[in-house]
1. Looking at (1) closer than 11 Å to VAL83 by Cβ; (2) over 12 Å from the mean Cα position of the chain (by Cα); (3) among the polar types (S, T, N, Q), which is the one condition that is false for SER38?
2. Please identify the pairs in which a residue from the stretch 3-27 that is free of Cβ contacts under 8 Å to residues at least 24 places away in the same chain and on the phi > 0 side of the Ramachandran plot has its Cβ atom under 7 Å from the Cβ atom of a residue that is part of a loop (DSSP other than H, G, I, E, B) and not aliphatic (A, V, I, L, M), counting only partners at least 6 apart or on another chain.
3. Yes or no: the stretch 59-72 includes at least one residue that is among the β-branched types (Val, Ile, Thr) and touching a helix residue (DSSP H, G or I) at 6+ places or on another chain (Cβ under 7 Å).
Amino acid sequence: SVEMAKTEQERATGLMYRKELAEGRGMLFDFSPEQQVSMWMKNTFIPLDMIFIRSDGRILRIAENTEPQSEKIISSGGLAKGVLEVIGGTARKYGIQAGDRVAHPLFGTR
């Protein structure tokens, strides 16, 4: 189950200030149209996996176990339409990797 971050304010705040994120939960950022995306972990207290997703639903890149409270820029490394943030370690736990497909209406799939 994911929350959607569609507006500029929602994207800017993301998962900041949260002390926990339950297993199976996350936030999907809508960056339509597809574009270069940069994120950071300022004011984010829990490690996250950032999954950068192209417009066709294919995973472009995964930044695993990002460092809490860091101002280091985390880049998509190419054009992305969405970014899925989940609790750190999720991608490894479930074997999620670049090239896998994400099914969601944002990417034209269910």
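1. (2)
2. GLY24/SER1
3. Here is the first cut: in the stretch 59-72, the residues among the β-branched types (Val, Ile, Thr) are 59, 62, 66.
Then keep just the ones that are touching a helix residue (DSSP H, G or I) at 6+ places or on another chain (Cβ under 7 Å); that gives 62.
Taking every residue of the stretch 59-72 in turn, at least one turns out to be among the β-branched types (Val, Ile, Thr) and touching a helix residue (DSSP H, G or I) at 6+ places or on another chain (Cβ under 7 Å).
Any read-out appearing in this document is the output of simple, stated calculations on the displayed coordinates, not a laboratory observation. Keep in mind that this is a model prediction, so the values were computed, not measured. Because the Cβ atoms are built from the backbone with ideal geometry, glycine has one as well, and the counts that use them run over all protein chains shown.
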